[in-house]
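These notes concern the structure reproduced below.
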Amino acid sequence: MRVKPISLENQSKLVTDYRNRKQNILQYFHYDPFDKKVFAQRLKDIAAMKYKREELSDVLKKCNHKWGAGEKTLSNIERLKDEKSVTVVGGQQAGLLTGPLYSIHKMISIIKLAREQEEALGVPVIPLFWIAGEDHDYEEINHVYLPRGDRMKKFRTLQQQVEKKSVSHMKLDQEVTGQWLDNLFGNLKETQYTKELHKKLKELIKHSETFVDFFAQVTFALFRDEGLVLLDSGDPEIRGLESEYFQSMMTHQPEIASGVAEALHQTSQSGYTIPVDADNTDGHLFYHHNGERVLLTVNEGDWTGKNGECSLTDDEIREIAEHSPELLSNNVVTRPMMQELLLPVLAFVGGGGEVAYWSLLKAGFEALGLKVPPVLPRLSFTLIDPKREKTLRSLALSVDHVIQNGVDVERIAWLKRQTHAPVEEVSDQVKLTIEKVHEPLRDIAKEAGDDVAQLADKNLTHLLREVEYLEQRIDYSIRMKHQETVQKFNDLELFLYPEGGLQERTWNVLYWLNTYGEDWIHELMDKEMEWESSHYVLYL
């Protein structure tokens, strides 16, 4: 495996400025994550914080053991009881087969940073992946994409979501999921890894009661010996530990909500676009009401469903937080704060979108007596196999360019070079000639009456369309004549620029496991990389 850093030029202005350490965006955070001394400083800052280490460790041990965690993970959970230990945290929803590749990239990033900082700081640094089991957006997790022909095909499970409940509470239909998996493998080329991989995943389905269970077991199948700890944010026992933290968030709701709204306004003034709506009435908490997850707003002290689904007094919701915290959950704003209260967070590792969201949270953290931890953009990869590497060379294409722009321009230019006849120019000239020759007829038609004039215009349009059709037919004939090379362009785009974006946002890890096994993941763990680099190309 070779690893090559490249610079992504089409990232958002916010993420670009953040990586370049511009004060315009760093002012919304408490730490500069690229400062060499930042983690030593962060370690000092959280040394005085108190956490429910014993209780948390007991809960994590129970669920990680159930999911098939390795000895190193269970040892790390035990090390969490050490008052000096800290965590590197990142998270994602419980997508089928871990969802898009960026989930795998996050896990790799978390593990690598934890390794680096344990060596640098001399204290236990535990990699922890926060599974957002509390989320209810089933449409985001119920499918994977695999290549079929020259496009990515969406393979969606046939299991339906009956209620808008958290994924942690949603039972996995093992029979339907097994059939879905069989369909996936029916669309994969058989390799030396296929049968064993298929068998292993079928076994994991049989031992999974929920989507979170399946996600966690697949994760441990891939990272069993890396010490990664998993936490399900929707676990009722985790909720029990969060009771007092929910109450604190309720007390400070005005500062949290106004802080987010003000930061959104300020970042917008600075030229940054963050896709979130915010105002001072946002409760930034969900209440589980009649089997559904309801987003709350606050009006004159009462907590009500955003769409009027329920209404609770301040006393009533505090009673729920104290005695039934499993009925509450966080949204994108309060989840980072809950994470900070529950865990000794040395650093948070996230994608560009998460960096943007976190830029809105400083005032809310401060209201709770906290600091926003160092927020480090995760490592980002594009995988390239030998076949596509060879294609890049044969077509004389730059990997950097294809990853960021695709091959449309180059494909069209190549096709034009394959014929000496300037088809487009000749077609344009013919259309101009037709218009000129046709003009006397249109003039006579105008004198004959409006209806005949309209007919003459339509006649001209028809003639021009016939020329355009002929041009398209000639282009098609040229493409067919050179189909093999055109297919190479299409194939490159499918692998390196699928759906008009980065590979990691569409492709699932299954294709790569089926083609190359698991060794490339572990080999990648040992490669030297710089956190400042926006993207890496991995040559398999």
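I'm told Ile205 meets every condition in (1) crowded, with 19+ Cβ neighbours inside 10 Å; (2) over 18 Å from Glu319 (Cβ atoms); (3) not assigned by TED's automatic domain parsing to the domain that holds Phe29 except one. Can you identify the failing condition by its number?
(3)
Can you name the condition, by its number, that Asp519 falls short on among (1) within 28 Å of Arg224 (Cβ to Cβ); (2) touching a residue at least 60 places away in the same chain (Cβ under 8 Å); (3) of a type outside the set (Lys, Arg); (4) surrounded by fewer than 21 Cβ atoms within 10 Å (Cβ to Cβ)?
(2)
Please find, within the range 425-445, the residue that is nearest to the chain's Cα centre (by Cα) out of those that are surrounded by 13 or more Cβ atoms within 10 Å (Cβ to Cβ) and of a type in the set (D, E, K, R).
Per the criteria, the residue is Asp428.
Go through (1) surrounded by 22 or more Cβ atoms within 10 Å (Cβ to Cβ); (2) more than 25 Å from the chain's Cα centre (by Cα) for Met337 and report which single condition fails.
With (1) surrounded by 22 or more Cβ atoms within 10 Å (Cβ to Cβ); (2) more than 25 Å from the chain's Cα centre (by Cα) applied to Met337, the lone miss is (2).
Hey, could you check the range 258-287 for residues that are under 21 Å from Cys310 (Cβ atoms) and out of contact with any Ser or Thr (no Cβ under 7 Å at 6 or more places or on another chain) and say which is surrounded by the most Cβ atoms within 10 Å (Cβ to Cβ)?
The residue in question is Tyr287.
Select from the range 49-59 the residues that are outside any helix (DSSP H, G or I) and of a type in the set (D, E, K, R) and write down the one among them that is nearest to the chain's Cα centre (by Cα).
It comes out as Lys52.
Looking at (1) farther than 22 Å from His136 by Cα; (2) in contact with a strand residue (DSSP E or B) (Cβ under 9 Å, 6 or more places away or on another chain); (3) among the charged types (D, E, K, R), can you tell me which one Glu262 breaks?
Glu262 satisfies every listed condition except (2).
Among the residues of the range 33-48, which ones are surrounded by 15 or more Cβ atoms within 10 Å (Cβ to Cβ) and not in a helix (DSSP H, G or I)?
Within the range 33-48, Pro33, Phe34, Ile46 qualify.
So how many residues does the range 17-31 have that are in contact (Cβ under 8 Å) with a residue 24 or more places away in the chain and either of a type in the set (Ser, Thr, Tyr) or part of a loop (DSSP other than H, G, I, E, B) (or both)?
The qualifying residues number 5.
Out of all the residues in the range 304-337, which are without any contact (Cβ under 8 Å) to a residue 24 or more places away in the chain and touching a strand residue (DSSP E or B) at 6+ places or on another chain (Cβ under 7 Å)?
Thr304, Gly305, Lys306, Glu309, Cys310, Ser311, Thr313
Strands (runs of 3 or more DSSP E) wholly in the range 60-170 with at least 3 residues that are farther than 24 Å from Trp531 by Cβ - which ones?
Counting at least 3 such residues, we get 143-148, 151-156.
Here are some conditions: (1) under 27 Å from Ile111 (Cβ atoms); (2) surrounded by fewer than 23 Cβ atoms within 10 Å (Cβ to Cβ). Trp180 meets all but one. Which one does it not meet?
(1)
Condition first: within 28 Å of Lys153 (Cβ to Cβ) and acidic (Asp, Glu). Can you find one or more residues in the range 495-511 that meet it?
yes
Residues Gln174, Gln160, Gln179: which one is polar (S, T, N, Q) and free of Cβ contacts under 8 Å to residues at least 12 places away in the same chain?
Within the list Gln174, Gln160, Gln179, the selection yields Gln160.
Just wondering, is there one or more residues in the range 238-260 that are at pLDDT below 95, in the same structural domain as Asn64 (by TED's automatic domain parsing) and not in a helix (DSSP H, G or I)?
No, the conditions are met nowhere in the range 238-260.
Please verify whether Lys431 is free of Cβ contacts under 8 Å to residues at least 12 places away in the same chain, assigned to a helix (DSSP H, G or I) and either of a type in the set (D, E, K, R) or out of contact with any Lys or Arg (no Cβ under 8 Å at 6 or more places or on another chain) (or both), treating the condition exactly as stated.
no
In the list Leu415, Leu361, Leu376, which residue meets the criterion of being buried (at least 17 other Cβ atoms within 10 Å of the Cβ), more than 30 Å from Glu116 (Cβ to Cβ), aliphatic (A, V, I, L, M) and in contact (Cβ under 8 Å) with a residue 40 or more places away in the chain?
Testing whether each residue is buried (at least 17 other Cβ atoms within 10 Å of the Cβ), more than 30 Å from Glu116 (Cβ to Cβ), aliphatic (A, V, I, L, M) and in contact (Cβ under 8 Å) with a residue 40 or more places away in the chain leaves just Leu415.
Cβ-Cβ below 7 Å, separation at least six or inter-chain, first residue in the range 263-281 and under 22 Å from Val298 (Cα atoms), second among the β-branched types (Val, Ile, Thr): which pairs?
That search, which allows pairs on different chains as well, returns Leu264/Ile274; Leu264/Val276; Ala278/Val260; Thr281/Thr297; Thr281/Val298.
Okay, residues lined up against (1) within 26 Å of Leu201 (Cα to Cα); (2) surrounded by fewer than 16 Cβ atoms within 10 Å (Cβ to Cβ); (3) at pLDDT 95 or above:
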residue	(1), (2), (3)
Gln487	no, yes, no
Asp491	no, no, yes
Phe495	yes, no, yes
Glu504	yes, no, yes
Leu510	yes, no, yes
Leu513	yes, no, yes
Glu523	yes, yes, no
Val537	no, no, yes
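The values are calculated or read from the model by the stated rules, or taken from the named source; none is laboratory data. Fair warning: this is a prediction, and the values are worked out from it, not measured in the lab. Methodologically, a virtual Cβ is constructed for each residue, glycine included, from the backbone with ideal geometry; neighbour enumeration extends over all protein chains shown.
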